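Novice: Okay, here's the structure, questions in a sec.
The values are calculated or read from the model by the stated rules, or taken from the named source; none is laboratory data. Given the structure is predicted, the values throughout are model-derived calculations rather than measurements. Don't worry about glycine lacking a Cβ; one is built from the backbone with ideal geometry, like all the others, and counts go over all protein chains shown.
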Amino acid sequence: MPYGTTFFTRFMVQNYASIDIKGTWYDILKAYHDVNSLSIPLFYSFTWFIGEGVSIKFWDEEWLGTFKLAEVYPRLYALESMEDCKISDRLLKLNDHLSMAWSWRRPIRGGREKEELECLACLMQRVELIRAGWLELGS
């Protein structure tokens, strides 16, 4: 999938690009567009640290910013068999490698479901589970 066409990118541009007031998201999108015009993938420059993820709801809390994954990936959320699952239920750290553990009501089909899963998997590549903690941005 070419850079700039991911579901997350489209979501951010669709929901925040028309904001004409100055603020945090305005500044983020301006920086995003400026850096993206230079063909530098700004979004992939960050890593999220979330502790062990045992107390944060994977779908229903804003642990990756100011959005809930349930709202960004509604088709996947509808397929989730355990809607109150924690981050530690879906992301497992084994031998310093992060694996995703899903529990769907049925297998993922093609189309929008597959696209959402690919985008979510890409987003999760930048997440790191650490022993104690707060949500931090790092590189």
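Novice: If you check Lys30 against the conditions, is it modelled with pLDDT of 65 or more and either touching a His at 6+ places or on another chain (Cβ under 9 Å) or surrounded by 13 or more Cβ atoms within 10 Å (Cβ to Cβ) (or both)?
Specialist: Judged against the criteria, Lys30 is not a match.
Novice: Still on this structure, I have one more. Condition first: modelled with pLDDT of 75 or more, exposed (fewer than 13 other Cβ atoms within 10 Å of the Cβ) and not polar (S, T, N, Q). Now tell me which residues in region 115-139 satisfy that.
Specialist: Matches in region 115-139: Ala121 only.
Novice: Hey, among the residues in region 74-102 that are modelled with pLDDT under 95 and hydroxyl-bearing (Ser, Thr, Tyr), which one's surrounded by the fewest Cβ atoms within 10 Å (Cβ to Cβ)?
Specialist: Step by step, filter region 74-102, then rank; the result is Ser99.
Novice: Among the residues of region 67-86, what is the count of those that are over 19 Å from Gly51 (Cβ atoms), free of Cβ contacts under 8 Å to residues at least 60 places away in the same chain and not acidic (Asp, Glu)?
Specialist: 10
Novice: So which residues in region 51-94 are assigned to a helix (DSSP H, G or I), more than 26 Å from Tyr26 (Cβ to Cβ) and of a type outside the set (Gly, Ala, Ser), if there are any at all?
Specialist: Answer for region 51-94, where residues must be assigned to a helix (DSSP H, G or I), more than 26 Å from Tyr26 (Cβ to Cβ) and of a type outside the set (Gly, Ala, Ser): Arg75, Leu76, Tyr77, Leu79, Ile87, Asp89, Arg90.
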